[in-house]
Amino acid sequence: MTNDPVIPNYTSACLSNIIPALLEHSVIGSGWLSDEVLSAEKTVLLLVDGLGFDKLITSKQRELVPNLAKMNLERIMTVAPTTTATALTSLTTGRPPGEHGVIGYKVSVGNQILNSLRWTTGRGVAVNEINPSSFQPIPPFLGEKIPVVSPVEFINSGFTEAHLRNTYYEGYFLPSNIPHHISQCLDEDSRLVYAYYDGLDKVGHIHGTGPFYDAELAFVDYLVGQIYGMLPSGTALIVTSDHGMVNVGDSVIGIDDSVMQRANTISGEARFLWFHPVRGNHESLFRDLQDLYGNCAWVRTKEQILDEEWFGRQISDQAQERLGEIALLARDPVAFVEKKNAGPKLVGRHGSLTETEVYVPLITSFKD
């Protein structure tokens, strides 16, 4: 395992390049997406939230995933940070986070913090106050209107508007219905169907990546088998994920009061925090974060991160404004929280740039 952050390579086998490869047949998909998949008449793209490459390899070796084990497996990178809102937006827009601007779970917008998944601020639901289409201006799926099979409860959310607008949204009530929704979409001559399943991520957050996670992964394997069985000939199936997960458990670190006193606010999430310092406190805050947490975390300035292109080669003015000045990323299996606002206890977490969180599977198969 590397001792440095794993920085996504947005010019190669990365989550953000899947849609351009499928819809534009761009050369960026060559080598890690087979010609058979790229030339398929129809494609089903299933994103399983919370499925890391390492965990899939372990499960494959333990014969927990017989259907997935029969398919082709590649290792690709997700984006930075390794959080759902950022990764899903990069997947659907085909752009790195610096371009689409959904640069984290909790994002600084003016004098507020936007929860980009729930599209809420401290004042409540923020759809009318922070327009999702303006916040994230890049059309999903390269402007092509495609069917999306996703939980019915998300159909009118702000985040759905931000990363799935102008699609045919097929909301499912129960996971057992996913294959049937996909089959109906394929019958309507759609060349690409996108489906999303979040059960594995939920189980990982609540129970960690232990036996409960394994049981859910076995269900995911069954679900993939059902989807594959319903595919018409000439159809490709792609299964991937937005991030891996690490077990944090009780290793939750309350941020020192002296640090919080010198920050106007913090954004991001517990394994990738951004500090927005009070004017004049930048250097001292950076030093103290290094001294306090350098034994278990990486501390980087915004300038370092932009120079190293963590969010891609291009970063919009809006995206830059949403970043803090200093980032604290967990290197060890720990989480950083405000003492007064620790939030719910989560056993499994993600967000940082460890190998476990960054590398995700790209599983492909073709139905003859």
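Taking the criterion of being in a strand (DSSP E or B) and surrounded by fewer than 20 Cβ atoms within 10 Å (Cβ to Cβ), the residues of the stretch 241-268 that qualify are ASN247, VAL252, ILE253, GLY254, ASN264, THR265. In the stretch 94-129, of all residues being at positive phi and surrounded by fewer than 18 Cβ atoms within 10 Å (Cβ to Cβ), the one that is modelled with the highest pLDDT corresponds to GLY124.
Filtering ALA330, ALA342 for residues that are crowded, with 22+ Cβ neighbours inside 10 Å and either out of contact with any helix residue (DSSP H, G or I) (no Cβ under 7 Å at 6 or more places or on another chain) or modelled with pLDDT of 95 or more (or both) leaves a single hit, ALA330.
Candidates ALA263, ALA270, ALA236: the one that is in contact with a strand residue (DSSP E or B) (Cβ under 6 Å, 6 or more places away or on another chain) and either in the same structural domain as THR84 (by TED's automatic domain parsing) or not hydrophobic (A, V, I, L, M, F, W, C) (or both) is ALA236.
Please tell me if ASP221 is crowded, with 17+ Cβ neighbours inside 10 Å and not β-branched (Val, Ile, Thr). Lay out the reasoning, then the answer.
Working: crowded, with 17+ Cβ neighbours inside 10 Å: yes; not β-branched (Val, Ile, Thr): yes.
Considered against the rule, which asks whether it is crowded, with 17+ Cβ neighbours inside 10 Å and not β-branched (Val, Ile, Thr), ASP221 comes out as yes.
Exactly one residue among ARG279, ARG300, ARG287, ARG322 is at pLDDT below 95 and within 20 Å of ASN264 (Cβ to Cβ), and that residue is ARG279.
Suppose we filter the stretch 347-368 for residues that are in a loop (DSSP other than H, G, I, E, B) and either in contact with a Gly (Cβ under 9 Å, 6 or more places away or on another chain) or modelled with pLDDT under 95 (or both); how many remain? Please lay out each step first, then the result.
Within the stretch 347-368, the first condition is being in a loop (DSSP other than H, G, I, E, B), and the residues that meet it are 347, 350-354, 368.
Adding the requirement that they be either in contact with a Gly (Cβ under 9 Å, 6 or more places away or on another chain) or modelled with pLDDT under 95 (or both) leaves 347, 350-351, 354, 368.
Within the stretch 347-368, residues that are in a loop (DSSP other than H, G, I, E, B) and either in contact with a Gly (Cβ under 9 Å, 6 or more places away or on another chain) or modelled with pLDDT under 95 (or both) number 5.
Matching residues to (1) basic (Lys, Arg); (2) over 14 Å from ILE103 (Cα atoms); (3) part of a helix (DSSP H, G or I); (4) outside the structural domain of MET260 (by TED's automatic domain parsing):
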{"residue": "ARG279", "(1), (2), (3), (4)": "yes, yes, no, no"}
{"residue": "ARG287", "(1), (2), (3), (4)": "yes, yes, yes, no"}
{"residue": "ASP291", "(1), (2), (3), (4)": "no, yes, yes, no"}
{"residue": "GLU309", "(1), (2), (3), (4)": "no, no, no, no"}
{"residue": "ALA319", "(1), (2), (3), (4)": "no, no, yes, no"}
{"residue": "LEU329", "(1), (2), (3), (4)": "no, yes, no, no"}
{"residue": "ASP332", "(1), (2), (3), (4)": "no, yes, no, no"}
{"residue": "PHE336", "(1), (2), (3), (4)": "no, yes, no, no"}
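Could you say whether any residue in the stretch 24-41 is outside any strand (DSSP E or B), farther than 28 Å from PRO232 by Cα, among the β-branched types (Val, Ile, Thr) and without any contact (Cβ under 8 Å) to a residue 12 or more places away in the chain?
Residues of the stretch 24-41 that are outside any strand (DSSP E or B), as a first pass: 24-29, 31-32, 34-41.
If we keep only those that are farther than 28 Å from PRO232 by Cα as well, we get none.
Scanning the stretch 24-41 turns up no residue that is outside any strand (DSSP E or B), farther than 28 Å from PRO232 by Cα, among the β-branched types (Val, Ile, Thr) and without any contact (Cβ under 8 Å) to a residue 12 or more places away in the chain.
When the stretch 138-181 is limited to residues that are β-branched (Val, Ile, Thr) and not in a loop (DSSP other than H, G, I, E, B), the one that is farthest from LEU23 (Cα to Cα) turns out to be VAL152.
The values are calculated or read from the model by the stated rules, or taken from the named source; none is laboratory data. The shown structure was predicted, so the numbers you read here are calculated from the model rather than taken from an experiment. FYI the Cβ positions are ideal-geometry reconstructions off the backbone, even for glycines, and counts take in every protein chain you see.
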